[in-house]
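Shown next, in structure tokens, is the structure this report addresses.
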Amino acid sequence: MSVGVNTETLVRVEEIQGRGRGLVSTQPLRGGQIVLIDSPILLYSALALTKQQHSTFLYCDKCFKTIQSASVSCPTCSHQRFCSPTCLSAALASSHTPWVCQSLSRLRDCQDFLQHHSVERQIQAQFLVAAYNLAFVSPSDFQILLSLQGRAEDEDPAIVQSLHSVISSLCPPPPIEGFSFSLELIAALVAKDRFNAFGLMEPLNLNEENGGQRSVRAYGIYPKASLFNHDCLPNACRFDYVDTNNSGNTDIVVRMIHDVPQGREICLSYFPVNSNYSTRRKRLLEDYGFTCDCDRCKVEATWSDDEGDGDDNDNEVMEEDVDEPMEAESDGEEIGNDNSTDFPHAYFFLRYMCNRNNCWGTLAPFPPSDAKPSNLLECNACGDIKNDEVC
């Protein structure tokens, strides 16, 4: 993970017509350049309460690193596990306060809740516990959470009512005077989570049996990174290095995939770029509330149903929004400038999609060294390194 990189002046927030706020380059950017390093204001487990002790991997409930050896348990509930006494001590003062410990224990011990609520609802309940706790341990970060995109009125009233019933009946009263488990606040928090959460993925297993699928180990709210909009052919991608020994191991790093000029919107893809048109359209509409009209979607909308654009193995969770044509200013050439009207974005797939079996990750160059571009590309899913012969 890169540290000591000043990215404050590389992008600025602008209103993008028809797309809301987005991040735009303030100067020409090179492929591999780091444009953002963001830390989470909130992290919570992505494992169902019934499965937290039965996952293939065991994760620290503070830093979410894979626990390789003996773990330390919460002295009160014994369910939450930590990779070290240091993480345990930090969690007891922040993310695993006595109120959180008691709330999660009550949720975990309620068989009616576990048997009659889906994994998704169990994870949402854990988010709500973490969010209410954030209001107690860091009121300023809680206000940042409430300021993010996501409207309460867009949430399903039945889901909100179900979560409200569970949280208000099982959890102790909120630890802050004047706070309550109101329907309105729960709806607002669920909306913020749905629109802004980034998934921190489990280690990638590339064997044939699981088809390269990965599950999410934890979700995080990253305020700055949440401003990136989506494009089905992104010009940037994000990396996480959770299992490193760095103190900021849950930070996410956003790097440029290729060169862009000043004034260009910087976009990520909210899921692996190999997803086909119908899957992308359905997921963007259901999860993010918009229909994509990017150049790639315009082309693929004219294809017949059996003209898929790759395997639809989109288990990975990311974050963003869409609209702008994507160009690479490197050597003055446009991405996809191969005179192919049927598949104009083939260049992107050939150069920037990992070709490792069952991976489906996106490749971005390492950061330039002394203004010289790197000819090594790193996959943001499997971590594989590829030599970029075009450089």
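The values are calculated or read from the model by the stated rules, or taken from the named source; none is laboratory data. Computed from a predicted structure; not experimentally measured. Every residue, glycine among them, receives a Cβ derived from its backbone with ideal geometry; neighbour counts consider all protein chains shown. Just the protein is used for accessible areas: all its heavy atoms, side chains included, with ligands, DNA and RNA removed. Shrake-Rupley method; radii C 1.70, N 1.55, O 1.52, S 1.80 Å.
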- Given (1) open to solvent by less than 20 Å² (accessible area, probe 1.4 Å); (2) under 19 Å from the mean Cα position of the chain (by Cα), where does S147 come up short, assuming only one miss? (1)
- What tally of residues in the stretch 348-386 results from selecting those that are outside any loop (DSSP other than H, G, I, E, B), in contact with a strand residue (DSSP E or B) (Cβ under 8 Å, 6 or more places away or on another chain), touching a residue at least 40 places away in the same chain (Cβ under 8 Å) and not polar (S, T, N, Q)? 6
- Query: Is it true that some residue in the stretch 78-95 is open to solvent by less than 20 Å² (accessible area, probe 1.4 Å), touching a helix residue (DSSP H, G or I) at 6+ places or on another chain (Cβ under 6 Å) and of a type outside the set (F, W, Y)?
  - Reply: no
- Task: Quickly run through the stretch 102-114 and pick out the residues that are assigned to a helix (DSSP H, G or I) and either at pLDDT 95 or above or open to solvent by 10 Å² or more (accessible area, probe 1.4 Å) (or both).
- Result: Q102, S103, L104, S105, R106, L107, R108, D109, Q111, D112, L114
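Quick grid of which residues meet (1) of a type outside the set (V, I, T); (2) assigned to a loop (DSSP other than H, G, I, E, B):
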position	(1), (2)
C63	yes, yes
C77	yes, yes
T86	no, no
A91	yes, no
V100	no, no
Q126	yes, no
- Query: So which of T362, T341 ends up being at pLDDT 75 or above and among the β-branched types (V, I, T)?
  - Reply: T362
- Query: How many of the residues making up the stretch 132-183 are more than 21 Å from L104 (Cβ to Cβ), assigned to a helix (DSSP H, G or I) and of a type in the set (G, A, S)?
  - Reply: 4
- Of (1) free of Cβ contacts under 8 Å to residues at least 60 places away in the same chain; (2) in contact with an Asp or Glu (Cβ under 8 Å, 6 or more places away or on another chain); (3) buried (at least 19 other Cβ atoms within 10 Å of the Cβ), A152 satisfies every one except (3)
- Among the residues of the stretch 246-290 satisfying the criterion of being part of a helix (DSSP H, G or I) and of a type in the set (K, R), which is nearest to W360 (Cα to Cα)? R280
- Only residues in the stretch 38-52 that are open to solvent by less than 30 Å² (accessible area, probe 1.4 Å) count as the first member; pair them with residues that are at pLDDT 95 or above and among the small types (G, A, S), Cβ under 6 angstrom, at least 6 apart or cross-chain, and list the lot. D38/A225; L42/A130; Y44/A130; S45/A218; A46/A218
